[in-house]
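The values are calculated or read from the model by the stated rules, or taken from the named source; none is laboratory data. These numbers come from a predicted model, not from an experiment. Neighbour counts run over all protein chains shown; Cβ positions are idealised from the backbone, glycine included. Note: accessible area is taken over every heavy atom of the protein model, side chains too, but ligands, DNA and RNA are not part of it. Shrake-Rupley method; radii C 1.70, N 1.55, O 1.52, S 1.80 Å.
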Amino acid sequence: MNDVIDIAKHFCSIDLIEEVEPIGIGHINRTYRLFLKDGDDIILQLINGNVFSDIQGLSQNVETVLNHLSEVTDKYPQYVNTLSGERYVETDDGYWRAITAIPDSKVWLNLNGNSYRAQSCGTTLGEFHNLLRDIDTGVLKDILPEFHSAKRRFREFHEALQNADNKRQKTAYSQINFAKDFENKILDYSNDIFSGVLPQRVVHNDPKLSNILFDSDDEAICLIDYDTVMAGSVVTDFGDALRTVAASANEDEKSVDKISFDMNLYKQFVKGYINEVKSMLTDKEIDKLYYSPLYITFIMGLRFLTDYLNNDVYYSINYDDHNLVRAINQFTLVKDINGKLKEIKSVIISDL
Ligand code: GN1
Ligand code: MG
């Protein structure tokens, strides 16, 4: 942990540091909590430079959003500059940056049917969209172009397929076919949401359940992990949150019979979300909401499958077939959502 303490010294006085603890379950960055004697703990992160090449743009986006939020609420963390006023510290390993920790908070990987928490997640995402509606999206850098575009993700999938070794192609045979079967439908929807008809807004782009902090009363406090905040459509955030909030099992679950889309959790989430954004959403956005949980879950499955075919170069893995397990998991959820689309649509209409 010595290397982390060496970095921590740039953000606070070394005498204040009580303990350093690795935290988080992110697939990409490395995260630590610095426990400080004054109680104002700090979250320190090493940014993965293979994924985030524009560190300047990334930190500018995060700072812009957190500064804006801190003007209107104290629920969100604040950006912590180094003691000499820099946004991050550069080392041989990459770039380190810090934000304040939210005291007495915790995360859930699965809601286990808890509908109160599901509604609170919806409220928190809606509030996030609402609180950021005044930011001019032009000031945010597009640091991960076409992040949720199916066009990009299918392009990468087909490239991976061409280069993948035979063994992995064979093992992933059914998932590859599943992806191809959905291709046209997914591309059509992607075209609809990214062709410029929907308003550009500030969106989170990774509002999964484990990026929502809760207090001890089961109330969601705020969203964390702002690295993917960019201009985009709130429609994809809606689906991305539900991908995990309404999933009966978490993203790494291997037993497919445990994986389904929980309609009750879905309904509660929608209630919370729509209540916050009712006056802000346009008819075109509302129209597109219902298909988004399927779309984003599919995109995530496709990305895991692509990484599996690429021999695991993007997401960190804990065992050999981890990315394939994740892809099977997400595609299982897609199948279940697909069968429930009619009801999914009717819930949104009844909440408006
Ligand atoms: C990645 O690193 P993490 O866990 O915050 C990914 C997201 C995916 C997510 C899947 C920059 O997020 O897009 O939704 O894994 N982030 C990036 O759990 O690719
Ligand atoms: Mg993330």
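In the distance distribution for the range 6-164, Cα-Cα pairs more than 25 Å apart total 44 percent. Count Lys and Arg as plus one, Asp and Glu as minus one, and take only other residues whose Cβ is under 12 Å from that of S292; the net charge is then -2.
Normalised by 2.2 N^0.38 Å, where N counts its residues, the alpha-carbon radius of gyration of the range 248-352 equals 1.22. The figure for K345 is an accessible area of roughly 90 square angstrom, using a 1.4 Å probe on the protein chains alone.
On a per residue basis, the range 203-352 carries 34 Å² of accessible surface, using protein heavy atoms and a 1.4 Å probe.
Nearest 10 degrees, 0 to 90: what angle lies between the long axis of helix 292-309 and the longest principal axis of the chain (Cα atoms)? The two axes meet at around 80 degrees. In a DSSP loop and with at most 16 other Cβ atoms within 10 Å, the GluC sites (Glu not before Pro) in the range 118-157 are E146. Centre-to-centre, using Cα atoms only, the range 185-226 and the range 276-323 are separated by 10 Å.
Using C-alpha pairs under 8 Å with a sequence gap of at least 6, the mean separation divided by the residue count of the range 107-246 gives a relative contact order of 40 percent.
K106 sits among other residues whose Cβ lies under 12 Å from its own Cβ, and their net charge, with Lys and Arg +1 and Asp and Glu -1, is -4. Given a 1.4 Å probe and the protein chains as shown, K254 ends up with an accessible area of around 130 Å². Accessible area per residue for the range 2-102, computed on protein heavy atoms with a 1.4 Å probe, is 50 Å². Among the protein heavy atoms, those of E19 account for about 100 Å² of accessible surface (1.4 Å probe, every chain in place).
Radius of gyration (Cα atoms) of the range 1-57, expressed as a multiple of 2.2 N^0.38 Å: 1.20. Principal-axis analysis of the Cα atoms of the chain puts helix 234-245 at an angle of about 90° to the longest axis. Summarise the long-distance tail of P(r) for the chain by giving the % of C-alpha pairs beyond 34 Å. In whole percent, the long-distance tail amounts to 24. Database remark: amide H of I23 closer than 5 angstrom to the amide H of T31, Y32, R33 (H placed geometrically; neighbours at sequence offset of 5 or more, or on other chains; Pro and chain starts carry no H). Structural descriptor for the chain: relative contact order 19 percent, calculated from alpha carbon pairs under 8 angstrom and at least 6 residues apart. Candidates F194, T244, H27 compared by Cα position along the dipole of the chain: farthest toward the positive end lies F194, with charges placed on Cβ.
Protein heavy-atom surface of the range 2-102, 1.4 angstrom probe: 42% of the accessible area is carbon and sulfur, with nucleic acids and ligands not counted. Compared with the dominant Cα axis of the chain, that is its longest principal axis, helix 263-277 is turned about 60°. When only DSSP loop residues count, what trypsin sites (Lys or Arg not before Pro) in the range 166-196 have their Cβ near at most 13 other Cβ atoms within 10 Å? Passing sites in the range 166-196 do not exist.
Distance between the C-alpha centres of the range 55-82 and the range 90-148: 11 Å, rounded to the whole angstrom.
What is the range 220-287 by shape, rounded, prolate or oblate, if you read a ≥ b ≥ c off the alpha carbon gyration tensor as root eigenvalues and call it rounded for a/c under 1.5, prolate for a/b larger than b/c, and oblate otherwise? Prolate is the answer for the range 220-287, as a/c is 1.5 or above and a/b outweighs b/c.
Rolling a 1.4 angstrom probe over the range 107-351 with all protein chains present gives an accessible area of which 45% lies on carbon and sulfur atoms.
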